[in-house]
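Scroll down for the structure; my scribbles are underneath it.
The values are calculated or read from the model by the stated rules, or taken from the named source; none is laboratory data. Note that this is a predicted model, so its numbers are computed, not measured. FYI the Cβ positions are ideal-geometry reconstructions off the backbone, even for glycines, and counts take in every protein chain you see.
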């Protein structure tokens, strides 16, 4: 039986005997057919026997009443009589029985063929649906067919309904392969996932909540760096920010005079800007033109040694930071890498020097090796980077501090020129965050007048050093030492 309104196969022509059986009340089955055929054969055989016994002998001269009946029977069944007269052939009764059995066998074969055809129709898949859809069969409870009145469309029962899933809703091959296997279960019709529309306001609030809930990284234990020896040594990374005063004299006399003035205000330590000293300027060269310096680096060592000794005598034990600020970072001299490295290594061997400033972002030399060589001479290194023309963004500031830290410097220093108040706040925010994330002391300075607040906010941001002035400032925005100390003590409490 075809489903979904397909036409039923036309049944084979029903013999007359079947029509008569349909009118009866007896239910027709193959066993019933077999019994009926047997009864018909038995009745015919009995009639033939009775006729043979009851017929009297007839003489040749006339016919009896039985002979007349026999003559009429011969006329009614000439084929049977003819078959009976032929010697060696079957009798009429046997012929009748054989005919009935043959009819039963033909009807049985016809019924079996009809049953097998209907079973094949039920089990065969739909030609079109098998190609374009996935079907799911439900168990059939009523397997027997019901007679459908002629002219009416057969409606399939609910038990035999097949669910047809459109091809576009079927899972893809990749999804089917990844899906877990089921025990004897078939695919069922699934609805497409619903997407929730989120307003811009809700999206913003959700992101804001996520940012608020984000935990900050815990602060790491801080290391400290000691500059100098004796009673006047200072420790960077603990207590109030330390005050450093630069000495920028061009000649030996100027250097000594400035040192005397600095000692009178009692700073924590001093910075000697060696790039301002005229005795080393014969080393200055123009890397762009390729001109070589007039003298070698070793020729200026005696002048540097004399200046260091005289300063140390005047400063009376104050730690000295040895700094050569090159022209690329706002200094007053351009040196070849060999001369720059030679001067720093020579200063690291001098007892008057307490620490060395190294421009860690130089690309013409391996600054990590230089840092290790200086530390091997028992001198701490302050790794520095200076931007007099701009203020890097906060991510760049963090990256710069990481680069300086990777060289192995003991203290990390970054100074830049802000363009507005927001740049100053970014620098202060970076200092606070870097101070929590690194175990090394941090120095962060926003130069210029607008950046003065960064020089006095070390207690808040964690910047461990601030630079003040006595005679002449070495960088824009420096505050006099007396004023600077008063502010720092007030903020420190």
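Assorted remarks:
- Criterion: in a helix (DSSP H, G or I) and either surrounded by 20 or more Cβ atoms within 10 Å (Cβ to Cβ) or more than 58 Å from the chain's Cα centre (by Cα) (or both) - qualifying residue of 345, 308, 318: 308
- Residue selected from the range 458-493 under the condition touching a helix residue (DSSP H, G or I) at 6+ places or on another chain (Cβ under 6 Å) and assigned to a loop (DSSP other than H, G, I, E, B), by the criterion modelled with the lowest pLDDT: 471
- Selection of the range 441-475 for residues being loosely packed, with under 14 Cβ neighbours inside 10 Å and within 23 Å of residue 255 (Cα to Cα) yields only 472.
- Residue 364 being in contact with a helix residue (DSSP H, G or I) (Cβ under 9 Å, 6 or more places away or on another chain), surrounded by 20 or more Cβ atoms within 10 Å (Cβ to Cβ) and under 16 Å from residue 297 (Cβ atoms): no
- For the range 351-446, no strands (runs of 3 or more DSSP E) sit wholly inside it while including 1 or more residues that are at positive phi.
- Every pair of residues 6+ apart whose Cβ atoms lie under 7 Å, when the first sits in the range 479-493 and is closer than 12 Å to residue 265 by Cβ while the second is crowded, with 19+ Cβ neighbours inside 10 Å and modelled with pLDDT under 90: 481/470
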